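Colleague: Questions regarding the structure given below will be posed in turn.
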Amino acid sequence: MTKQARDDVDRHVARWAEFWEDNTDFAPEVEGALVRMKNILRRSRRSDGVAFPDADFTFEDYSTLHALMIQPYPTEATPAQLAEATNVTRAAMTARLDRLAKAELITREVEPQDRRRVIVRPTPAGRAAWERHIHAGMARDQQLLSALTPDELKQLNTLLRKVILSFQ
């Protein structure tokens, strides 16, 4: 992150803190944490977008294959499971799957026991496409958080896990 970007985030939080200085409901630490997490996610999305300049294989293609490969039953899922895993509508997932099937990166088969159920599986070419991009994605993610030491990353994960568990 550039110094300018860091300063922009800090100014954003400072502006809100000043605006709400007489309001005890405002918590600058909460605002700062959320603004910074959103900034990290936005930067991650931008980095992922730049990594897929080829219209023949997009980040959405990769994301769908990734969801398919890491399902509880790797290498097989329903379109509904993939839509949920990637946070897209079922209609959007259908379009993605059409594209991946046309590129011969997945197969869609009707389950013989329940003809209403479609099972999506990666082809060998789909697995290879996913593997070509997974390592670069891991490197981008590690670079994104490279300012933290291994112990700080563990601490961050512990704290974020605590927040996530509080949602339940």
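The values are calculated or read from the model by the stated rules, or taken from the named source; none is laboratory data. Values in this document were obtained by computation on a predicted structure and should not be read as measured data. Every residue, glycine among them, receives a Cβ derived from its backbone with ideal geometry; neighbour counts consider all protein chains shown. Note: accessible area is taken over every heavy atom of the protein model, side chains too, but ligands, DNA and RNA are not part of it. Shrake-Rupley method; radii C 1.70, N 1.55, O 1.52, S 1.80 Å.
Colleague: Please get the size of the charge dipole for the range 101-168, origin at its Cα centre, with Cβ charges of +1 on Lys and Arg and -1 on Asp and Glu, quoted in debye to the nearest 20.
Modeller: Details: 12 positive and 8 negative charges, 57 e Å.
The calculated dipole for the range 101-168 is roughly 280 debye.
Colleague: A further question on this structure: Under a 1.4 angstrom probe, counting protein chains only, how are 62, 73 ranked by accessible area, largest first?
Modeller: 73, 62
Colleague: If you average 1/r across every pair of different Cα atoms in the chain and take the reciprocal, what Kirkwood value do you get, in Å?
Modeller: On the way: mean 1/r = 0.0529 Å⁻¹.
Hydrodynamic radius (Kirkwood, Cα only) of the chain equals 18.9 Å.
Colleague: I'd like the accessible area for residue 46: 1.4 Å probe, protein heavy atoms, all chains in place, Å² to the nearest 10.
Modeller: 140 Å²
Colleague: Taking all protein chains together and a probe of 1.4 Å, list 94, 24 from the most accessible to the least accessible.
Modeller: Values: 94 65, 24 135 Å².
Descending accessible area places them as 24, 94.
Colleague: While we're here: Ordering 117, 90, 42 by accessible area with a probe of 1.4 Å, largest first, what comes out? Write out the running numbers ahead of the final one.
Modeller: Working: 117 90, 90 170, 42 115 Å².
Result of the area sort, largest leading: 90, 42, 117.
Colleague: Continuing with the same structure: Could you give the longest part of the chain that holds none of the GluC sites (Glu not before Pro) found in DSSP loops with at most 12 neighbouring Cβ atoms within 10 Å?
Modeller: Details: sites that count: 21, 104.
In short, 22-103.
Colleague: Now, a different point. So for the chain, if I pair up every lysine 8 or more residues apart or on another chain, how many of those pairs have alpha-carbons under 26 Å apart? Before the final figure, lay out the partial values.
Modeller: Numbers: 3/38; 3/154; 38/154; 38/162; 154/162.
Lysine pairs meeting both conditions in the chain amount to 5.
Colleague: Determine the per residue accessible area of the chain with all protein chains present and a 1.4 angstrom probe, expressed in square angstrom. Please list the in-between numbers first.
Modeller: Working: 12120 Å² over 168 residues.
I get 72 Å² per residue for this part.
Colleague: Round to the nearest 10 and report in Å² the accessible area of residue 26, as given by a 1.4 Å probe over the protein chains' heavy atoms.
Modeller: The value for residue 26 is about 40 Å².
Colleague: With only Lys, Arg, Asp and Glu charged, each at its Cβ (+1 for the first two, -1 for the last two), find how big the charge dipole of the chain is about the Cα centre; round to the nearest 20 debye. Numbers along the way, then the final one.
Modeller: Numbers: 25 positive and 25 negative charges, 98 e Å.
Value, rounded to 20: 480 debye.
Colleague: Using only C-alpha atoms and all pairs of different ones, pull out the Kirkwood radius for the range 12-97 in Å with one decimal. Could the numbers behind the result be given before it?
Modeller: Numbers: mean 1/r = 0.0634 Å⁻¹.
Roughly 15.8 Å, rounded to one decimal.
Colleague: Hey, if you put +1 on the Cβ of every Lys and Arg and -1 on every Asp and Glu Cβ in the chain, which of 136, 80, 163 ends up farthest toward the positive end of that dipole?
Modeller: Final value for the positive-end residue is 80.
Colleague: How big is the gap, in Å, between the Cα center of the range 147-168 and the Cα center of the range 12-45?
Modeller: Computed from Cα coordinates, the inter-centre distance equals 19 Å.
Colleague: Please work out how much accessible surface residue 166 shows to a 1.4 Å probe, ignoring ligands, DNA and RNA, in Å² rounded to 10.
Modeller: 80 Å²
Colleague: Tell me, what HN-Hα J-couplings in whole Hz come from the Karplus equation 6.51 cos²θ - 1.76 cosθ + 1.60 at θ = phi - 60° for each residue of the range 89-100, using x for Gly and Pro?
Modeller: Result, ordered by residue: 5, 5, 5, 5, 5, 4, 4, 4, 5, 4, 5, 5 Hz.
Colleague: Which listed residue (105, 125, 94) has the Cα farthest towards the positive end of the charge dipole for the range 94-133, taking +1 on Lys and Arg C-beta and -1 on Asp and Glu C-beta about the Cα centre?
Modeller: Of the options given, the answer is 94.
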